[in-house]
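Chemist: Quick one: this structure, given as structure tokens, is what I'll be asking you about.
Only the coordinates and a few stated rules stand behind these numbers; no lab work does. Given the structure is predicted, the values throughout are model-derived calculations rather than measurements. Cβ: placed from backbone, ideal geometry, glycine included. Neighbour counts: every protein chain shown.
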Amino acid sequence: MKFKSFLFVLLTAVLFTAGCAGLPKGANQILDFKITPDKGLASGTIVSIEVKTTDMIEKVFGSVDVPGAFKVPLKYDSIKKLWAFKAMIPMGVAIPKGEYTAWVEAVAKDGQIYKAEKKVTTY
């Protein structure tokens, strides 16, 4: 009987603490990150980045790790409630065939930075 009582108390304690466990507050401020197209990047292609975040975020930057690319600020669209950027890859820019990383950084009001990445390809 003592063993069953002990097992019940132990199981209750485990279930109670499991309910309290989880991600620390603010761990997932980037809710969604979409880049289109994610295949077929080439000069003349219009690239669109959309990022959904929580209300804690005050700035978002993004880029694709291709030669000549730079970090750009995204603008907040208050109607769609997301951060967005759209631009054309300049004509005449030769992007070597391969797989690249598109990334975004979200800066929270307290200065903390949250990052997300996706793979994109030229084919």
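Chemist: Using a cut-off of 20 Å between alpha-carbon atoms, which aspartates and glutamates can reach residue 118, once sequence neighbours fewer than 8 places away in the same chain are excluded?
Modeler: Within reach: 32, 38, 50, 65, 99, 105.
Chemist: Place a point 7 Å from the Cα of residue 110 along the Cα-to-Cβ direction; which residues of the stretch 35-70 have their backbone N under 16 Å from it?
Modeler: So the set is 54-59.
Chemist: Name the long-range amide H neighbours of residue 45: under 5 Å, sequence gap of 5 or more, or other chain; modelled H, no Pro or chain starts.
Modeler: Excluding prolines and chain starts, which carry no amide H, the hits are 89.
Chemist: Further, regarding this structure: Need one number: nm distance between label points at residue 28 and residue 55, each 7 Å from Cα along Cα→Cβ, rounded to one decimal.
Modeler: A separation of 2.0 nm, rounded to one decimal place.
Chemist: Read phi for every residue in the stretch 110-116 and hand back ³J(HN,Hα) as whole Hz from Karplus 6.51 cos²θ - 1.76 cosθ + 1.60, θ = phi - 60°, with x for Gly and Pro.
Modeler: 8, x, 5, 10, 10, 10, 9
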